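Working notes, beginning with the structure itself.
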Amino acid sequence: FTLTFIVRTLLGESKEGSCRQKENCRPDGRELGEFRATTVNIGSITTADGSALVKLGNTTVICGVKAELAAPAVDSANKGYIVPNVELPSLCSTRFRSGPPGEEAQAASQFIADVIENSQIIAKEDLCIADGKLAWVLYCDIICLDYDGNILDASTFALLAALKNVQLPSVTINEETGLSEVNLKQKNPLAIRKHPVATSFAIFDDTLLIVDPTAEEEDLATGTVTVVTDEDDRLCSVHKPGGSPLTGAKLQDCISRAITRHKEVKKLIDKVIKSIKPK
């Protein structure tokens with residue numbers, strides 16, 4: 001595709017009549033720097049230890065966290081585990097097939113694992129119950145229910161919201177028997193150390209940047225970039241899987257927008273958590 005065709009497709013053939021009168025307007029009526037409507041529902045899965053449902057426009061992702069007890073690794077005797085997995089089943093889009101995880105699902109799982117590691121969202125030492133003996137394993141399963149682009153932003157948001165919803169029972173080790181004793185009546189929330197938020201952009205030949213791309217926009221783009229920041233405006237990671245190069249000025253613009261987006265997402269999560277806490 002030529003850039004002229006791409007821009008005409010993105011900006012000219014709008015489904016919104018009023019949008020045709022405006023410059024730099026996308027097919028769904030958004031401006032180039034505008035995010036889709038974002039909603040989050042916390043505690044959606046009652047059988048999980050923590051869960052969250054996130055909608056980013058039509059893209060819908062659910063994250064369930066299941067906690068299990070295990071022995072720590074020999075070389076990390078004072079640390080627990082966080083095991084993320086992103087699933088893109090065939091039911092969420094015709095572009096995905098049933099069977100083993102495809103390339104995009106594997107890349108998304110690795111991205112989430114990198115976000116956990118780089119942002120220090122949770123200190124793995126906090127998951128240790130007894131050094132060298134017992135620790136928590138958090139299985140974070142992120143499943144896409146409806147795919148319309150920007151899976152990384154939605155998955156990161158769902159993971160953060162679900163982890164903030166986790167309540168772990170109190171666990172002690174009986175010194176006489178050496179067995180673990182779980183007190184389900186006494187539960188404590190996870191200590192969330194950082195709040196990473198991902199912000200993705202579609203690139204068109206290094207001349208045009210749009211935020212929160214839809215599936216159609218991702219297909220037309222010549223590259224994508226995802227910037228992850230935390231509440232201290234710290235850059236946690238930049239994910240750019242090939243495609244068009246990005247100038248330093250354009251990357252700085254992406255980081256600035258990501259910092260602004262972080263404040264919006266954090267405000268939304270805090271508002272939802274506050275609304276479900278018992279008065």
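The values are calculated or read from the model by the stated rules, or taken from the named source; none is laboratory data. Quick caveat: nothing in here was measured; it's all calculated off a predicted structure. Because the Cβ atoms are built from the backbone with ideal geometry, glycine has one as well, and the counts that use them run over all protein chains shown. Just the protein is used for accessible areas: all its heavy atoms, side chains included, with ligands, DNA and RNA removed. Shrake-Rupley method; radii C 1.70, N 1.55, O 1.52, S 1.80 Å.
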**Q.** Test result for V265, in contact with a helix residue (DSSP H, G or I) (Cβ under 7 Å, 6 or more places away or on another chain), assigned to a helix (DSSP H, G or I) and surrounded by 15 or more Cβ atoms within 10 Å (Cβ to Cβ)
**A.** yes
Q: Name every residue in the stretch 13-62 that is outside any loop (DSSP other than H, G, I, E, B), open to solvent by 20 Å² or more (accessible area, probe 1.4 Å) and at pLDDT below 85, in order of residue number.
A: S18, R20, Q21
**Q.** From P72, P101, P84, residue being under 19 Å from the mean Cα position of the chain (by Cα), modelled with pLDDT under 95 and either on the phi < 0 side of the Ramachandran plot or β-branched (V, I, T) (or both)
**A.** P101
Q: Report yes if some residue within the stretch 248-256 is under 26 Å from R95 (Cβ atoms), out of contact with any strand residue (DSSP E or B) (no Cβ under 7 Å at 6 or more places or on another chain) and open to solvent by less than 60 Å² (accessible area, probe 1.4 Å); otherwise report no.
A: no
**Q.** Of residues in the stretch 183-217 being of a type in the set (D, E, K, R) and assigned to a loop (DSSP other than H, G, I, E, B), the one least open to solvent (accessible area, probe 1.4 Å)
**A.** D212
Q. In the stretch 134-182, which residues are among the charged types (D, E, K, R) and either surrounded by fewer than 17 Cβ atoms within 10 Å (Cβ to Cβ) or in a strand (DSSP E or B) (or both)?
A. D141, D146, E175, E176, E181
Q.
Return the residues of the stretch 69-93 that are of a type in the set (A, V, I, L, M, F, W, C) and assigned to a loop (DSSP other than H, G, I, E, B); say none if nothing qualifies.
A. A71, A73, A77, L88
Q) Tally time: how many residues in the stretch 94-133 are assigned to a loop (DSSP other than H, G, I, E, B) and open to solvent by 20 Å² or more (accessible area, probe 1.4 Å)? A) 13
**Q.** Some residue of the stretch 230-238 being in contact with a strand residue (DSSP E or B) (Cβ under 6 Å, 6 or more places away or on another chain), in contact (Cβ under 8 Å) with a residue 24 or more places away in the chain and in a strand (DSSP E or B)
**A.** yes
